[in-house]
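Let me begin by presenting the structure, written as structure tokens, before commenting on it.
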Amino acid sequence: MQPVLVQLIQQLRDCETVEAGVEWQRALLTRLLDVEKDRWEFKRAATRMRKGKQPPPEAPEPQSGRDLSDIATWPFEHDVCERLARQLRSVGDALAWRVFGFHRPFILALCRNQSPGPMYGKAGSPRGRSRSLPRPPFTVALTAETTMASSGSRLL
């Protein structure tokens, strides 16, 4: 995932138009939803393992190389995905900082919102994404899904 984060940061630096920023957010959101889907599947597998069942066949392959029959593998993978999602949202914060001209009061105002939690599997999410990323002509639109600044992070 580290090369992906570096690539996303470089792509953000290369964004020179609003359209490029919107496309960048779409790419970031796609990666974020993939990580959140894996996170959900790892949690589901951990729950099944605690009940003495096997992980579901559709569960993603653990990236840690740990033993699949070890119950601790699945919560570990879940935690890794949670951290990856935070890192991806931090990259999304870079866009928010850039859009607001690195003006801290705007970012702090956004930080006061409650976190929406994981976006994967939420009803209405695809429709909301199509509305939150408008087509030209438009002004810049930030999605709450791709930043921590607009989803309740207190880290700024």
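Residues with beta-carbon under 14 Å from that of Met49, excluding Met49: net charge, scoring Lys, Arg +1 and Asp, Glu -1?
Charge balance in the 14 Å sphere: +3.
Taking a straight line from the alpha carbon of Lys122, these aspartates and glutamates sit under 13 Å away, with near neighbours fewer than eight places off in the same chain left out: Glu36, Glu145. Note on segment 1-68: Cα Rg divided by 2.2 N^0.38 Å, N the number of residues, gives 1.53.
3J(HN,Hα) along segment 51-63, derived from phi through the Karplus expression 6.51 cos²θ - 1.76 cosθ + 1.60 where θ = phi - 60°, amounts to 8, x, 9, 7, x, x, x, 7, 5, x, 6, x, 8 Hz, with x in place of Gly and Pro. The slack between Phe76 and Lys37, meaning 0.36 nm per residue of separation minus the straight C-alpha distance, is 12.5 nm.
Might you tell me the accessible area per residue for segment 3-76, computed with a 1.4 Å probe and given in Å²?
Result: 61 Å² of accessible area for each residue.
Taking a Cβ cut-off of under 12 Å around Ile71, the surrounding Lys, Arg, Asp and Glu residues balance to a net charge of +2, with basic ones at +1 and acidic ones at -1. Simple rule: put +1 on each Lys or Arg Cβ and -1 on each Asp or Glu Cβ in segment 1-47, find the dipole, and look at Gln7, Ala45, Leu33; the Cα lying farthest toward the positive end is Ala45.
The values are calculated or read from the model by the stated rules, or taken from the named source; none is laboratory data. Note that this is a predicted model, so its numbers are computed, not measured. A quick note on method: Cβ atoms are made from the backbone with ideal geometry, for glycine too, and the neighbour counts reach across all protein chains shown. Accessible surface is based on the protein model in full, side chains and every heavy atom, while ligands, DNA and RNA are left aside. Shrake-Rupley method; radii C 1.70, N 1.55, O 1.52, S 1.80 Å.
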